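Participant: Can you keep this structure in mind? I'll have questions shortly.
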Amino acid sequence: MSGTNGAEQAKRPIAPILGVPFSTLAFGDIISLILAWMEGGTPRQVVTANPEIVMRAREDERLWTILQQADLITPDGIGAVYASRLMGYPMEGRVTGADVLPHLLDRANQKGWTVYILGASSESFRRALVNLTGLYSDVSFQGRDGYFKEEELPGILAEIRAYSPCLLLVGLGMGKQETFIADHMHDLRVPVSIGIGGMIDVYAGTVKRAPLFWRRMHLEWLYRLLKQPSRWRRQLVLPKFALAVLKDRFFFKNRQEM
Ligand code: UDP
């Protein structure tokens with residue numbers, strides 16, 4: 001089964017946001033923890049979670065269980081950070097896949113480790129691999145695109161096992177990637193597996209991250225919406241998330257005061 005044991009988890013501060021156990025560790029501590037896990041041992045699942053995944057998990061029992069059992073959930077979205085502060089938990093700021101990955105890839109590069117990447121279109125995957133190899137020349141990058149048939153799955157799993165990477169980066173989109181990791185992590189025995197959403201497209205250069213100004217203003221969501229207007233439907237979940245957090249906050253407050 002995925003997940004940490006109780007004693008270990010007790011050492012790591014958690015902010016339950018709508019029941020999802022987000023880590024409140026500072027960015028540097030999160031990096032140190034994942035780097036230590038990459039050395040080997042029990043396979044770990046890291047989830048960089050935004051309000052969308054929290055809301056989806058409320059309606060999807062399997063995803064809910066996966067989030068409960070994940071080894072580390074970081075706040076990939078300012079919504080989660082604000083929610084944690086509203087609930088009275090200290091949370092420094094966002095910890096996104098884009099911020100975490102360079103640190104992990106740097107370490108893999110120093111050690112000459114293998115990293116397996118699964119996801120994105122074949123064109124995007126191919127371009128990302130070229131760019132990543134340019135940036136981290138001592139990493140052995142393996143992987144493939146994320147559009148495969150069910151019957152190809154055993155071959156993909158066998159390939160990942162054969163390469164024994166230190167890191168498995170899965171970019172199949174929110175939910176699907178977390179489920180893939182949870183389903184296979186113990187069989188694959190990769191030390192650290194992370195769902196990275198559209199990061200392969202970012203490394204490929206086909207999708208740009210919001211410029212620093214937008215990120216500093218906590219408006220990355222707006223930038224993405226303007227660049228990819230088709231995402232508006234997905235972002236409707238943000239006010240629903242805010243409302244649910246407010247309800248949770250004041251319901252609990254009232255109950256505690258009774
Ligand atoms: N993707 C994939 N296989 C699929 C569905 C999606 O490889 O079956 C990829 C898609 O090409 C893109 C990424 O998953 O690179 C999802 O990106 P998005 O920014 O939508 O991530 P999310 O916000 O869902 O985490």
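Participant: Mind listing the long-range amide H neighbours of VAL207? Cut-off is under 5 Å, sequence gap 5 or more, other chains count too, H placed in the peptide plane at 1.01 Å from N.
Facilitator: Amide H neighbours of VAL207: VAL202.
Participant: On to the next question. Could you tell me what percent of the DSSP beta bridges with both partners in the chain are antiparallel, to the nearest 5? List each step's numbers first, then the result.
Facilitator: Working: 4 of 25 bridges.
That works out to approximately 15 percent antiparallel.
Participant: Using amide H atoms built in the peptide plane, which far-off residues or other-chain residues are under 5 Å from ALA49 H to H?
Facilitator: THR74, ASP76
Participant: Give me the distance in nm between label points sitting 7 Å out from Cα along the Cα-to-Cβ direction at GLU150 and ARG12, one decimal.
Facilitator: The answer from the label model is 3.3 nm.
Participant: Round to the nearest 0.05 the FRET efficiency obtained for SER32 and ARG234 when R0 = 30 Å and r is the Cβ-Cβ distance. Walk me through the numbers on the way to the answer.
Facilitator: Working: r = 33 Å, r/R0 = 1.09.
Given R0 = 30 Å and the Cβ-Cβ separation, E is 0.40.
Participant: Once phi is turned into ³J(HN,Hα) by the Karplus curve 6.51 cos²θ - 1.76 cosθ + 1.60 with θ = phi - 60°, what whole-Hz value does each residue of segment 128-144 show in order, with x for glycine and proline?
Facilitator: Working through the residues one at a time gives 4, 5, 4, 5, 5, 5, x, 7, 10, 5, 8, 7, 8, 8, 10, x, 6 Hz.
Participant: Would you work out which of LEU225, PHE250, ALA182 lies farthest towards the positive end of the dipole of segment 140-258, given +1 charges on the beta-carbon of Lys and Arg and -1 on that of Asp and Glu, about the Cα centre?
Facilitator: It is PHE250, whose Cα lies furthest towards the positive end.
Participant: Round to a whole angstrom and tell me the spacing of the C-alpha centers of segment 196-219 and segment 72-91.
Facilitator: So the two Cα centres are separated by 20 Å.
Participant: Points 7 angstrom from Cα along the Cβ direction at LEU157 and LEU225: gap in nanometres?
Facilitator: About 4.0 nm separates the two model spin labels.
Participant: What is the angle, in °, between the Cα long axis of helix 27-38 and the longest principal axis of the Cα atoms in the chain? Nearest 10 is fine, range 0 to 90.
Facilitator: 40 degrees
Participant: Can I ask one more? Expected output is a single nm value to one decimal: the length gained when fully extending between LYS176 and PHE250, i.e. 0.36 nm times separation in residues minus the C-alpha distance. What is it? Could you put the intermediate results ahead of the total?
Facilitator: On the way: separation 74, 0.36 × 74 = 26.64 nm, distance 3.27 nm.
Result: 23.4 nm gained on full extension.
Participant: Sort the chain into rounded, prolate or oblate with this rule: let a ≥ b ≥ c be the square roots of the eigenvalues of the Cα gyration tensor; rounded if a/c is under 1.5, and if a/c is not under 1.5, prolate when a/b is larger than b/c, oblate otherwise.
Facilitator: It is prolate, given that a/c is not under 1.5 and a/b is the larger ratio.
Participant: How far, in nm, would the chain grow between THR133 and TYR89 when pulled straight, counting 0.36 nm per residue and subtracting the alpha carbon separation?
Facilitator: Between THR133 and TYR89, full extension yields an extra 11.9 nm.
Participant: Then there's this: Round to the nearest 10 and give me the degree value, 0 to 90, for the angle of helix 97-111's Cα axis relative to the longest principal axis of the chain.
Facilitator: Once rounded, the angle reads 40 degrees.
Participant: How much of the accessible area of the chain, probe 1.4 Å, is carbon plus sulfur, in whole percent? If you can, show how the numbers build up before the last one.
Facilitator: Values: 7000 of 12800 Å².
Whole-percent figure for carbon plus sulfur exposure: 55.
Participant: Roughly what angle does helix 153-163 make with the longest principal axis of the chain, taking Cα atoms, 0 to 90 degrees, to the nearest 10?
Facilitator: That helix lies at roughly 70 degrees to the long axis.
The values are calculated or read from the model by the stated rules, or taken from the named source; none is laboratory data. Bear in mind that the values here come from a model prediction, so they are computed numbers and not experimental data. Ideal geometry is used to build each Cβ from the backbone, glycine not excepted, and the neighbour counts take in all protein chains shown. Ligands, DNA and RNA are excluded from the accessible area calculation, which covers all protein heavy atoms including side chains. Shrake-Rupley method; radii C 1.70, N 1.55, O 1.52, S 1.80 Å.
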